[in-house]
Amino acid sequence: PAPQVFFRGKTMFAAPFDLGAPSLTGEAVPVLENVQSVPGLIQPVMAISPDGTLVYQLMAVTQASQLPIMWLTKDGGTATLRATPSSWLQPRFSPDRQRLALVLMERGQFDIWVYDLERDVMTRITSDAANDISPVWLADGAGLVFGWTRGSTVFNLYLQKADGTGSAEGLTTSAVAQLPN
């Protein structure tokens, strides 16, 4: 059985899950408590890579907090992923697990950045006056789809190269918020 994770409130639970059935095959147990969710959305600030590596943010972090990025190791310990403190949320591993897309909040502004784990380099992807959140990698790792309030208070979908070059391409124009997940 493959372990599955889910949230009840701010607590992450893990349970054995039979993908063939599909059904739980055992009791759910709490794994992490007080996991931060995205303000205004019911979305935990966490990501799991295909190899099972988990990165997350605790609720104690506020918009003014500056913390390093930590990850949960397979043995249940924690390790520093990026030591430089920042106000970050919504981490997402690239398909090759070599980069991490995330949202950094600076001076009340939310922008998308990409962190290269091996080189310890941050690359700014967006830098406009609008808020940019919820980055999701394209399957080939060449680009990111994200929500952007460009010229509006409503999030719509945009596509940007993952190296930050070129202009963002609008994918939706809706009066209803559009966010990738």
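Considering the values (i) 87, 39, 35; (ii) 48, 35, 31; (iii) 55, 51, 32, which represents Cα extents along the principal axes in Å as calculated for the structure under consideration?
Matching the structure shown: (ii).
Under a Cβ-only charge scheme (Lys and Arg +1, Asp and Glu -1), can you give me the dipole magnitude of the chain about the Cα centre, in debye to the nearest 20?
Value, rounded to 20: 280 debye.
Carbon and sulfur atoms: what percent of the 1.4 Å accessible area of the chain do they account for?
54 percent
How many Å³ per residue does the convex hull of the Cα positions in region 116-180 occupy?
Hull volume normalised by residue count: 89 Å³.
Could you tell me the relative contact order of the chain? Use alpha-carbon pairs under 8 Å, at least six residues apart, and round to a whole percent.
The value is 11 percent.
Where only protein heavy atoms count, and the probe is 1.4 Å, what is the accessible area per residue for region 113-181 in Å²?
It amounts to 53 Å² per residue over region 113-181.
The values are calculated or read from the model by the stated rules, or taken from the named source; none is laboratory data. Every value quoted in this text rests on a predicted model; they were computed, and no experiment measured them. Heads up, the Cβs are rebuilt from the backbone with ideal geometry, glycines too, and the neighbour counts pull from every protein chain shown. Side chains are part of the model used for accessible areas, which takes the heavy atoms of the whole protein and leaves out ligands, DNA and RNA. Shrake-Rupley method; radii C 1.70, N 1.55, O 1.52, S 1.80 Å.
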